[in-house]
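Working notes for the structure below.
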Amino acid sequence: MNPQSSTDLSHETAVHGHDDHHEEHHHDPPFWRKYVFSTDHKVIGIQYGITALLFLALGFFLMMVMRWSIAYPGRPVPFISHLPWFRVWLENGMVTGDLYNMFGAMHGTIMIFLGIVPLAFGAFGNYVTPLQIGAPDMAFPRLNMASYWSYLLGGVLMFASFFLPSGAAKAGWTNYSPLATTTDLSFGSLFWTGQTQWLLAMVFLISSSLLGAVNFITTIINLRCKGMTWMRMPFFVWAMLVTGFLLLLAFPPLEVAAIMQLMDRMAGTSFFVPSGLFVNGQFFNAAGGGSPLLYQHLFWFLGHPEVYVLILPAIAIVGEIIPNNTRKPLWGYKTMVYAVMVLGFLSFLVWAHHMYITGMGAGVSTFFQTVTVLISVPSVILITSILISMWGGSIRFNTPMLFATAFIPMFGIGGLTGLPLAFSMIDLHLHDTYYVIAHFHYVVAPGTLFGLFAGIYFWFPKQTGRRMSELLGHLHFWPSLLFMNGIFAPMFIQGMAGFHRRASDGGAAYERIAGQEFLEAGSFLSKIFKNGEAITMIDLNIVASVSAWCLAIAQVPFIINFFWSMTKGKKVNSNNPWDATTLEWSCPTPPPHGNFLKEPVAYRGPYEYSVPGAERDFTPQFEPDPESPQAPAEEELEVKGGH
Amino acid sequence: MSEFTPAESRKHVKAYMAVFLALIVGTFVTVAVAMIPWLDLGEPGKSFLDYSVGLLIAIVKASLVALIFMHLNHEKGMIYKIMLFTMCFAFVMMFLIVFSWWNPIQEAFTSH
Amino acid sequence: MQIPYEVTARRDTGLYNAKIGIWLFLASEVMLFGGLFSAYVFLRIGITPGVDNPWPSEVQNIPIGFVNTLVLIASSVFVVLAWVQLKMRNWFRFQLWMAAVILCALTFLGLKSVEYYGKFHHHGLKFTDNSLAEGIVQEVDGIMSDKIRFEGKSITFDISAKNLYCLKAVHGDLPVFKAPDGAEVTDPASWAAKKYAADVNAAKKAYKEALAEEKKLAKEEGREIDESKLPSMDVDTVVTLEAAEPFLIASGERMHTNYTDKTITFRDGSKVTGSLAPNGDTVVLEVHEIDMQRVPLDEQKESMIWSYVADEGVKKGFFDLQNKYKQHLIDYYGSEEKVPLKQKQNHRINIHHVHAHHEHAEHGAEGEAAHGEAAHHGDPEGDGAGGAESSYDYPVIEVPRSDIKFIGNHGPRYNTYYAIYFTMTGLHGLHVIGGALVLGYFMLFGKKLFLRNPEHMANRVEVGGLFWHFVDLVWIFLFPVMYLF
């Protein structure tokens, strides 16, 4: 690839170091080396993707069981209450409070740490980033493999904890101490409880993310191809760079918190155990002197940047798809780059807005309110730029574009409803209600997930050489959009009415709140659904739950589409089926190990669509200038980074 | 540093030895400030001044290690940028976490 | 396929891949230890005086920490010297310097374990009036006397418990239990599980029979089935077993949650009924230090600790030193009123200081002042070597359980200071081990790469060295923060 390194030096890090020289009598590595313990970034990306999709399905399943308990408390769960394994958990077929807590905690953990982050950062980042910057692979391929296996180990540990006598962790995905410290202490072996295993699994997941982040940042800094200057990098790569830094710098404090909580549980220390703590009416036998506030600080120091880890890859995917399908350059590319950097920076300074009601000092809470409001500025810049990019374009509404377009209002709703929560006095009222649930789910579920679906539809032809079915894509998109809103929109109303998020009966126990009128008696809808009786707030639980189950059904076309298109989908007729401009569309389909057949060169910026005077409506980065077909001078192409 | 001549290496080793000496002296001074009575600064016992001197010496020692041993004195811009952001976030984390003990409203009520 | 810039630096960034990688890794390490130091500061500031345990910064073994600092600094120099030798392409000298580094690492870890050992064998005993005696717990009849000795007669536990804590705490042979049906039980957990399964089956069978009966009746009488007439399917999950013969329990603070003179409850919820062993409910402690930080000044003379440490010389020595220090404060501030409240009085003495003090007093007055100062300035041989010196006549006290508020060794559990001390130095120790393994690997197995591509080897050592310097850098902060101030 590079003249400097083509001399036969060491091949310690590149496993297939000699491939370049023996291309003609090259023989395939064994199956397990190629697909299981692979060091190829594309295979690892796909491994990440499939594992993450499975975990997303598991998290979704947990949620559906919870939604049953919320909508129909005290009634046996249909279908699964007959499964022999499941009967152990349910009490007379009904969801118990313990089970609800367990599923709630694991739903959050699985969706965030095992589902979305690995899919967004692990899968898309791994597959697309090296291709877009013209690198043959990640900078440290074996480290890349290690980070996948560390992730899988963490995931398996987390999943296995369901089968322990204590069950999985049940102190919420935030695992707040002292509740998390004192849960399940009565089980014979403290080590083999879900709560302890959660911490252990987190240590593996954190290690995986750290290794991944080191790898990504190094790759982006050092492995950009000739001509790929900083400002010629696609926005996706920028987002990955910032995401990498967020993971790198935000995860270690959570590791600290996990280690300390592990010490609290296993060695009896009192990091997060205050003096004089009573648990279940019994004095908790520990030295005391610790502070639960400390745990929350360390947790949310990760927790908030983590939110941007969830959303940035999705914004970036949308930012790739929208210029491609509007056939216009990304509006304000530079502004977006700076906005994403400011966003990354500020995201480290806002964490305590999750902690207004913890009793931390008012001085510090004022600071966090201010910065939280500030951080909405770069977020709005990003979304606005993407929105303006669509203005006046001749838009192709294919499936990836549908998802990408839907992402904008969905993320907008999620983001804007977060603004009130930034103020501590409003937060006092809304904290821990369904309003908060609706707010961050709008960001993550119809927001990030739609972005990720768009990415799957968009890059699927590159991975398989076949397009996904448009019909099934539409069948997937429209119901998903409808039911996503069906789930989360009622939650805003319920939350403002005061429904608490952790009630396993969906708030039925609080009659005053539950009985508030939503639609008056005799209104049109009440006549249809409730024989003319007033529809109360608690009835909205059923709307959300039914939407949730319908959403599950709406994913069936996607699953069919995914597997069917792999073998039966329409074959693409070129390496660049979407007429896109970035470098990943210049390599063969699917890209071989080592990615590019000849050394890639970036001749121009990433979004040169509809350039005036050009023959076609797109001018790819990898095409030499038609005016002067010979390659530009060396200095001109040399990356001007490094500053 | 692809060219590494013996003369250059002697220069390097000289710098390393000087830092070595400085680090040892720094360690002695820190312990002396903490333990020897007539070096007790400020108020009797361990006071703010003692802590400050101890931490200041530690920071100087750490800077020497980072600059000379870890070659940060002539490193590339990218590394500086990365470490600058890291240090910034580490300090922000420490100060904001510690400042959450500070409650001006409570102080206003309890001071009367 | 060849990854570019593996060995040579990229032109515009001026860096090879591994160097960026290691600096990024160090950045995350900065955040890791940053988080730990934040926790340290947060916990230290947050101590509520009089409620939480004080942070005893003067109990550390300073000489060991001091030597360890020097050892790490030396190893840091050796690493760069090794790297210089590699740059000069001198493999043998590189190996020599690297061997010195590994030796330093081993010395560091050795000294660290001596220190840890000292802490784990040093106990603190808090009396009910908050006065604190520290020293070495003695053994009584083969049991360390910080453990509760209890004569058990029966155990009660939940059938879900597999790993009965109450049986782990048994001293000597495991007891044999008598089941209600007269059978001998040696493994209560599996016996209970079997019994539970049998009970459930029996209950189910009874329920089925009753249900059939009820159905028949209901049909005859033409009514709905009356659930209330059916027997309950609930089965006892809590089992109590009597022991054939009383057995001896020796339980530490980590095992049980609470105890009375009739029962003792363990962390897994199991319970042993019996009685506190007749002569077993005392703690025997060889007192090395006395600490009164949490006893109000005017109650210190009447503290219950003096009824156990009956040595008048020690008591006099304690108050002599305290007065001397108080005088010192008054001299400094001008008058007694001006001494700020927060100024720590001298409430802590090491008993061998008192002895030394007496000797000095006999020899002349000039040495006294110095010792008065030394006592407030720290007790260098706190937990480590100090405990091993037995030439002093340490008082041995025997305290009944009823007078004890808390007893434990200076492990992580003792208070938040020890918790963060062990966590931070432990994590740092793990980094030392990791670094030493990597550098040792380069020293032993790096020759092949060195012969093929010496620059690549030099890069590797540079990267490994960077990590090693960082470990040293963390210690530079840990030493003053944990040991001195």
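Structural remarks
- For the range B:68-84, the set of residues classified as within 8 Å of chain C (Cβ to nearest Cβ), under 21 Å from C:Leu32 (Cβ atoms) and assigned to a helix (DSSP H, G or I) consists of B:Phe69, B:Ile79, B:Ile82, B:Met83, listed by residue number.
- Of the numbered criteria (1) at pLDDT 95 or above; (2) assigned to a loop (DSSP other than H, G, I, E, B), the one A:Ile395 fails is (1).
- Screening the candidates A:Thr405, A:Thr448, A:Thr372 for the property of being in a helix (DSSP H, G or I), out of contact with any Ser or Thr (no Cβ under 9 Å at 6 or more places or on another chain) and over 30 Å from A:Met566 (Cβ atoms) yields one hit, A:Thr372.
- Candidates are the residues of the range A:171-197 that are touching a residue at least 40 places away in the same chain (Cβ under 8 Å) and in a helix (DSSP H, G or I); the one that is farthest from C:Phe266 (Cα to Cα) is A:Gln197.
- Criterion (more than 14 Å from chain B (Cβ to nearest Cβ) and within 29 Å of C:Arg460 (Cβ to Cβ)) met by exactly one of C:Gln95, C:Gln85: C:Gln95
- Among the candidates C:Asp129, C:Asp199, residue that is surrounded by 14 or more Cβ atoms within 10 Å (Cβ to Cβ), of a type in the set (Asp, Glu) and closer than 30 Å to C:Ile407 by Cβ: C:Asp129
- C:Glu29 falls short on exactly one of the conditions (1) at the interface with another protein chain (Cβ under 8 Å from one of its Cβ atoms); (2) free of Cβ contacts under 8 Å to residues at least 24 places away in the same chain, and that condition is (2).
- Residues located in the range A:331-343, provided they are open to solvent by 10 Å² or more (accessible area, probe 1.4 Å) and away from every other protein chain (no Cβ under 14 Å): A:Trp331, A:Gly332, A:Tyr333, A:Lys334, A:Thr335, A:Tyr338
- Looking only at residues of the range B:12-48 that are at the interface with another protein chain (Cβ under 7 Å from one of its Cβ atoms) and of a type in the set (A, V, I, L, M, F, W, C), we find that the one that is nearest to the chain's Cα centre (by Cα) is B:Leu23.
- Residues of the range A:489-520 that are outside any helix (DSSP H, G or I) and either open to solvent by 60 Å² or more (accessible area, probe 1.4 Å) or on the phi > 0 side of the Ramachandran plot (or both): A:Gly498, A:His500, A:Arg502, A:Gly506, A:Gly507, A:Ala509, A:Tyr510, A:Gln516, A:Glu517, A:Phe518, A:Glu520.
- Top-ranked residue of the range C:277-331 - restricted to ones that are among the small types (Gly, Ala, Ser) and open to solvent by less than 40 Å² (accessible area, probe 1.4 Å), ranked as modelled with the lowest pLDDT: C:Gly280
- Failed criterion for C:Ala436 (all others in (1) of a type in the set (Gly, Ala, Ser); (2) more than 30 Å from C:Ile22 (Cβ to Cβ); (3) in contact with a helix residue (DSSP H, G or I) (Cβ under 7 Å, 6 or more places away or on another chain) hold): (2)
- Options A:Pro329, A:Pro378; residue that is farther than 30 Å from A:Pro274 by Cβ and either in a helix (DSSP H, G or I) or in contact with a Lys or Arg (Cβ under 9 Å, 6 or more places away or on another chain) (or both): A:Pro378
- Filter result for the condition that a residue is at the interface with chain B (Cβ under 10 Å from one of its Cβ atoms), farther than 30 Å from A:Ile217 by Cβ and open to solvent by less than 10 Å² (accessible area, probe 1.4 Å), over C:Ile62, C:Ile45, C:Ile73: C:Ile73
- Yes/no for C:Gly426 being surrounded by fewer than 21 Cβ atoms within 10 Å (Cβ to Cβ) and under 20 Å from C:Pro480 (Cα atoms): yes
- Checked against (1) among the hydroxyl-bearing types (Ser, Thr, Tyr); (2) open to solvent by less than 50 Å² (accessible area, probe 1.4 Å); (3) at the interface with chain C (Cβ under 7 Å from one of its Cβ atoms), B:Tyr51 meets all criteria but (2).
- Test for C:Ala183: is it among the hydrophobic types (A, V, I, L, M, F, W, C) and open to solvent by 50 Å² or more (accessible area, probe 1.4 Å): no
- Of all residues in the range A:229-275, those satisfying the criterion of being open to solvent by less than 10 Å² (accessible area, probe 1.4 Å) and assigned to a loop (DSSP other than H, G, I, E, B) are A:Met233, A:Pro234, A:Gly268, A:Thr269, A:Ser270, A:Phe271, A:Phe272, A:Val273.
- Unmet requirement for C:Ile20, which otherwise passes all of (1) more than 29 Å from B:Val25 (Cβ to Cβ); (2) open to solvent by 10 Å² or more (accessible area, probe 1.4 Å); (3) of a type in the set (Val, Ile, Thr); (4) modelled with pLDDT of 95 or more: (2)
- Among (1) farther than 22 Å from A:Ala404 by Cα; (2) at pLDDT 90 or above; (3) among the hydroxyl-bearing types (Ser, Thr, Tyr) - the single one A:Thr464 does not satisfy: (1)
- Filtered residues of the range B:54-63 (kept if at the interface with chain C (Cβ under 9 Å from one of its Cβ atoms) and either of a type in the set (Lys, Arg) or within 20 Å of C:Val77 (Cβ to Cβ) (or both)): B:Ile57, B:Ala58, B:Ile59, B:Lys61, B:Ala62
- The C-beta contact set for the range C:70-89 (first residue outside any helix (DSSP H, G or I), second residue open to solvent by 10 Å² or more (accessible area, probe 1.4 Å) and not hydroxyl-bearing (Ser, Thr, Tyr), distance under 8 angstrom, 6+ apart or interchain) comprises C:Met88/B:Phe4; C:Met88/B:Pro6; C:Arg89/C:Pro454.
- For the range A:279-316, the candidate set comprises residues that are free of Cβ contacts under 8 Å to residues at least 60 places away in the same chain and closer than 18 Å to A:Gly212 by Cβ; within that set, the residue that is surrounded by the fewest Cβ atoms within 10 Å (Cβ to Cβ) is A:Leu302.
- Just one residue in the set B:Val19, B:Val65, B:Val33, B:Val60 is touching an Asp or Glu at 6+ places or on another chain (Cβ under 9 Å), within 21 Å of C:Leu466 (Cα to Cα) and among the β-branched types (Val, Ile, Thr); that residue is B:Val65.
- Boolean, C:Ala99 is assigned to a helix (DSSP H, G or I), open to solvent by less than 20 Å² (accessible area, probe 1.4 Å) and outside the structural domain of C:Asp298 (by TED's automatic domain parsing): no
- Filtering the range B:93-112 to residues that are assigned to a helix (DSSP H, G or I), open to solvent by 90 Å² or more (accessible area, probe 1.4 Å) and facing chain A (nearest Cβ under 10 Å) leaves B:Phe95, B:Phe99, B:Ile105, B:Gln106, B:Glu107.
- Test: residue in the range C:439-452 that is part of a loop (DSSP other than H, G, I, E, B) and open to solvent by 10 Å² or more (accessible area, probe 1.4 Å): no
The values are calculated or read from the model by the stated rules, or taken from the named source; none is laboratory data. Just so it is clear, the model here is predicted, and its values are computed rather than measured. FYI the Cβ positions are ideal-geometry reconstructions off the backbone, even for glycines, and counts take in every protein chain you see. With ligands, DNA and RNA removed, areas are computed over all heavy atoms of the protein, side chains included. Shrake-Rupley method; radii C 1.70, N 1.55, O 1.52, S 1.80 Å.
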